[in-house]
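The values are calculated or read from the model by the stated rules, or taken from the named source; none is laboratory data. In this text, all values refer to a predicted model and were calculated from it rather than measured experimentally. Backbone-built Cβ (ideal geometry, glycine too); neighbour counts: all protein chains shown. Ligands, DNA and RNA are stripped out before the accessible areas are found, and what is left, the full protein with its side chains, is counted by its heavy atoms. Shrake-Rupley method; radii C 1.70, N 1.55, O 1.52, S 1.80 Å.
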Amino acid sequence: MVIILLGPPGVGKGTQGALLVEAFGWERIATGDLLRSARRDGSELGSKAQSYMDAGNLVPDELIVALVRDHLQKLASDQGVIFDGFPRTLAQAEALDGVLADVGRKVDAVVLLEAPADVLVKRLSGRWSCPQCQEVYNIHFDPPVTEGICDECGARLTQRKDDLPDTVRHRLGVYRDQTRPLVEHYEEASAPVIRIEGDRKLEHVSRAIRRSLVKQLGVGA
Ligand code: AP5
């Protein structure tokens, strides 16, 4: 299976992607996480990506496509994959189609998560994460037991620079202009687009995604 999780910032792609990995044993390729890890490592890619990410803009396509190609090449040809945060532009979608075709694969489905902008701004301004073990919290919906401290490893939690409200609103505009049009690309390419209402409790969203995948693709949980 090759599944794309598509949706605006804060809609729950990372959260739901992690749950799908647990349920189905797929590999999750999350370009935002890979870029943040490159920044932590101080790599050339990380330093090239930094200013784009902090401003809420997209990192240039050629850097992202090379990153994804590199990760895909390390996987077995029958390994299920979930893309989270990729593709985000038509050029990235076309590059992915080409990379998959080279190994006889294609996109099996797109899961489109959607929620109103005010919900997304609230979620992202409440998101805190652990710089050590990467656990994610939300002060509104899923706070740590001790304020500001990771339940898992005890490190002090931090907030992403691009989660400040003005930057979140800019990211939403970038999504609307550059990424949302990919829905039409996949509809034209005959990949099923599974629409999921993301403004519900986390477990309800998760159940809806799994049910749709089972029903439409025959995926076994
Ligand atoms: P990236 O890290 O991909 O950010 P994003 O797509 O903007 O997604 P987020 O991580 O903000 O949100 P999410 O949908 O994963 O939500 P989450 O589950 O975390 O990208 C960051 C930057 O990297 C980009 O701006 C760009 O610069 C660069 N980049 C990355 N990929 C790129 C690409 N392909 N091309 C070019 N540039 C690229 O949830 C958010 C919060 O809400 C959490 O606190 C969570 O606990 C909470 N939450 C989740 N679900 C629920 C729920 N149902 N109810 C209540 N709270 C919930």
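Here are the numbers:
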{"read-out": "Number of positions in the range 35-47 that are more than 8 Å from the ligand (Cβ to nearest atom) and under 15 Å from residue 69 (Cα atoms)", "value": "1"}
{"read-out": "Residue identified as under 13 Å from residue 2 (Cβ atoms), buried (at least 19 other Cβ atoms within 10 Å of the Cβ) and without any contact (Cβ under 8 Å) to a residue 40 or more places away in the chain among 68, 81", "value": "68"}
{"read-out": "Residue within the range 191-204 that is touching a helix residue (DSSP H, G or I) at 6+ places or on another chain (Cβ under 7 Å), open to solvent by 90 Å² or more (accessible area, probe 1.4 Å), farther than 22 Å from residue 124 by Cβ and not in a helix (DSSP H, G or I) present", "value": "no"}
{"read-out": "Pair list, Cβ under 6 Å, 6 or more apart: the range 24-38 residue at pLDDT 95 or above, other residue within 7 Å of the ligand (Cβ to nearest atom)", "value": "28/84; 30/84; 30/85; 31/64; 31/85; 31/86; 32/85; 35/49"}
{"read-out": "Within the range 89-182, helices (runs of 4 or more DSSP H) holding 1 or more residues that are over 25 Å from residue 40 (Cβ atoms), without any contact (Cβ under 8 Å) to a residue 40 or more places away in the chain and touching an Asp or Glu at 6+ places or on another chain (Cβ under 6 Å)", "value": "90-102"}
{"read-out": "Residues located in the range 183-221, provided they are in contact (Cβ under 8 Å) with a residue 40 or more places away in the chain and among the hydroxyl-bearing types (Ser, Thr, Tyr)", "value": "186, 206, 212"}
{"read-out": "Residue count, the range 79-116 (criterion: of a type in the set (Gly, Ala, Ser), more than 28 Å from residue 200 (Cα to Cα) and within 14 Å of the ligand (Cβ to nearest atom))", "value": "3"}
